[in-house]
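Here the structure is laid out as structure tokens; the discussion comes afterwards.
The values are calculated or read from the model by the stated rules, or taken from the named source; none is laboratory data. These numbers were taken from a predicted model, which means no experiment stands behind them. Quick reminder, even Gly has a Cβ in these numbers, built from the backbone with ideal geometry, and neighbours come from all protein chains shown.
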Ligand SMILES: C[S@@+](CC[C@H](N)C(=O)[O-])C[C@H]1O[C@@H](n2cnc3c(N)ncnc32)[C@H](O)[C@@H]1O
């Protein structure tokens, strides 16, 4: 376990954590060598993260910015017609997930289908714990 922690630490040693509104983050970091992974608030749960942090309009604004990005973009959302429309033409992958935002009373989180949209064809990802 200690070795795994050390390996993860080495992999993350140049990581910088920012706390920025998405538009500012994209503007500041977009380049040909950038990879954005976006996990925005889900449609109809925007208010979970504060009254004014993300509105329904922001799904459209975010999509506009990501379509214009020079870098690579990955974005996830539960299966949703609006997202299929906003990211039409991108590579689309479906996978089983759990509703992390589900407020439960201790019962198992409901399963859901999560969709990953990419503006590029991803190759196999190595694990954070691979040496
Ligand atoms: C579906 S959650 C993603 C959670 C994340 N994957 C995690 O594991 O913590 C949506 C995230 O969007 C963030 N968020 C909400 N409004 C935002 C905004 N205007 N700009 C950037 N991030 C925002 C929330 O704080 C929240 O962390």
Please specify each residue of region 1-40 satisfying the condition of being touching a helix residue (DSSP H, G or I) at 6+ places or on another chain (Cβ under 7 Å) and assigned to a helix (DSSP H, G or I).
22, 23, 26
Residue 10 vs. criteria more than 16 Å from the ligand (Cβ to nearest atom), under 17 Å from the mean Cα position of the chain (by Cα) and under 26 Å from residue 123 (Cα atoms):
no
Are any of the residues in region 74-84 surrounded by fewer than 12 Cβ atoms within 10 Å (Cβ to Cβ) and within 12 Å of the ligand (Cβ to nearest atom)?
no
State whether the residues of region 57-66 include one that is within 16 Å of the chain's Cα centre (by Cα), more than 10 Å from the ligand (Cβ to nearest atom), assigned to a strand (DSSP E or B) and surrounded by 11 or more Cβ atoms within 10 Å (Cβ to Cβ).
no
Here are the criteria: (1) under 20 Å from residue 119 (Cα atoms); (2) surrounded by 13 or more Cβ atoms within 10 Å (Cβ to Cβ); (3) within 16 Å of the ligand (Cβ to nearest atom); (4) touching a residue at least 12 places away in the same chain (Cβ under 8 Å). Tell me which single one residue 90 does not satisfy.
(3)
What are the residues in region 41-64 that are touching a helix residue (DSSP H, G or I) at 6+ places or on another chain (Cβ under 6 Å) and closer than 16 Å to residue 89 by Cα, if any?
63
If we keep only residues of region 25-50 that are within 8 Å of the ligand (Cβ to nearest atom) and either surrounded by fewer than 11 Cβ atoms within 10 Å (Cβ to Cβ) or within 14 Å of residue 69 (Cβ to Cβ) (or both), then the residue modelled with the highest pLDDT is 25
